Amino acid sequence: MSFFGKNIKKIRSVKSLSQQAFAELFDLKRGTLGAYEEGRSEPKIDTIIKIANYFSIEIDKLLTGELTVNELLKFKGDLTTYAQDLKREQFASIPCITESTSSEYISLYDKTNFIKELPTIQLPVNPSKEFRGYTVLNLEMTNHDQGFYPKDIVIGEKVPSDVIKKLNNGTLVVALTDAKLIFRRLYITKNSVVLRADHKNIDDDEYPISEIKEMWRVRYVFCKRIPEFADGMEGKLQMIEQELLRMKEKLG
């Protein structure tokens with residue numbers, strides 16, 4: 001009797017399956033299975049693969065050695081059990097605001113059913129924290145052909161209202177007010193927030209902190225194209241140059 005024959009006979013015994021029941025699982029005739037178990041016939045490779053996959057047994061273990069009862073008890077009983085185990089390891093599902101839902105989000109942001117209907121992105125992030133995806137709609141956050149373009153997606157972590165003041169100036173955020181959903185950089189001035197675009201021709205938006213309904217600090221970014229990464233020093237010089245230009249404009 002081959003190792004394969006001995007092993008499938010032992011699998012049937014451990015799983016309490018008759019020859020007929022086992023054979024039906026893999027579209028085999030009972031007599032064909034009996035021939036395998038007695039070593040009178042060798043199975044096709046696709047049959048071996050089906051049996052190995054179904055019980056999550058490595059093919060070489062199935063063919064080259066006699067499985068012990070203890071080993072068999074460790075293997076999955078079937079694919080349904082395996083799928084149930086996988087569910088415990090699913091990534092966090094993050095609701096994503098798209099171009100078609102952006103305007104609705106302004107008034108329905110606190111409606112549970114609306115949030116549940118948004119498309120989701122699954123990521124291996126801390127499920128105890130709250131995240132929101134946002135699809136970039138314009139070129140406000142581009143500068144010298146670098147930055148964020150329409151269809152890029154940013155993922156933000158929710159910022160409690162009492163923490164907004166503690167965020168560093170220049171932090172990328174998605175902010176919700178009574179009338180707007182805005183993706184920009186955050187700057188704090190006393191009890192107000194200034195939302196500044198990277199594009200030099202876009203005016204700042206300023207709001208009292210009390211008027212910010214939601215704020216999401218950007219943690220992850222998905223680009224629709226491969227971004228050009230500027231040298232770190234070059235990027236800093238560009239930011240300084242931009243700030244100097246803004247100061248000149250205000251003084252002039």
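The values are calculated or read from the model by the stated rules, or taken from the named source; none is laboratory data. Just so you know, these numbers come straight off a predicted model, no measurement behind them. When we count neighbours, we look across all protein chains shown, and the Cβ atoms used for this are built from the backbone with ideal geometry, even at glycine. The protein model used for the area step is the full one, side chains on, heavy atoms only, and it has no ligands, DNA or RNA in it. Shrake-Rupley method; radii C 1.70, N 1.55, O 1.52, S 1.80 Å.
How high is the FRET efficiency between Leu137 and Ala35 when r is their beta carbon distance and R₀ equals 41 Å, given to the nearest 0.05?
For Leu137 and Ala35, the calculated efficiency is 0.05.
Relative to the compact-globule scaling 2.2 N^0.38 Å, provide the ratio for the alpha-carbon radius of gyration of segment 96-221.
1.01
Provide the FRET efficiency to the nearest 0.05 for the Ile49-Val163 pair, computing r from the beta carbons and using R0 = 51 Å.
0.40
Given R₀ = 45 Å, what would the calculated FRET efficiency be for Lys129 paired with Met247, taking r from the Cβ atoms and rounding to 0.05?
After rounding, the FRET efficiency stands at 0.75.
For the pair Thr171/Ser13, report the inter-label distance in nm, with labels modelled 7 Å from Cα in the Cβ direction.
6.4
Roughly speaking, what is the centre-to-centre gap between segment 3-21 and segment 94-110 when only Cα atoms are used, to the nearest Å?
54
If you take the square roots of the eigenvalues of the alpha-carbon gyration tensor of segment 1-68 and sort them as a ≥ b ≥ c, do you get rounded (a/c under 1.5), prolate (a/b over b/c) or oblate?
It is rounded, given that a/c, with a ≥ b ≥ c, falls under 1.5.
Arranged from highest to lowest average of other beta-carbon atoms within 10 Å per residue, in what order do the peptides 105-115, 8-18 appear?
8-18, 105-115
What are the trypsin sites (Lys or Arg not before Pro) within segment 163-215 that DSSP puts in a loop, where the Cβ has at most 16 other Cβ atoms within 10 Å?
Those satisfying the criteria are Lys180, Lys190, Lys200, Lys213.
Once Kirkwood radius over Cα pairs in Å is worked out from the coordinates, which option in (i) 19.1; (ii) 23.2; (iii) 19.8 does it equal?
Correct label is (ii).
Size of the dipole of the chain about the Cα centre, Lys and Arg at +1 and Asp and Glu at -1 on the beta carbon, nothing else charged, in debye to 20?
Result for the chain is approximately 820 debye, rounded to the nearest 20.
Among Thr68, Thr120, Ser100, whose Cα lies farthest out toward the positive end of the dipole of the chain, if unit charges sit on the beta carbon of Lys, Arg (+1) and Asp, Glu (-1)?
Highest projection toward the positive end goes to Thr68.
So what is the accessible area of the chain per residue, in Å², with the probe set to 1.4 Å?
Solvent-accessible surface per residue comes out at 62 Å².
Compute the length gained on full extension between Gln146 and Leu108: take 0.36 nm times their separation in residues and subtract their Cα-Cα distance, giving the result in nm to one decimal.
10.4 nm
Using a 1.4 angstrom probe on heavy atoms only, work out the carbon and sulfur share of the accessible area of the chain in %.
For the chain, the apolar C and S fraction of the accessible surface comes to 52 percent.
Rounded if a/c is under 1.5, else prolate if a/b beats b/c, else oblate: with a ≥ b ≥ c from the C-alpha gyration tensor eigenvalues square-rooted, which is segment 170-225?
prolate
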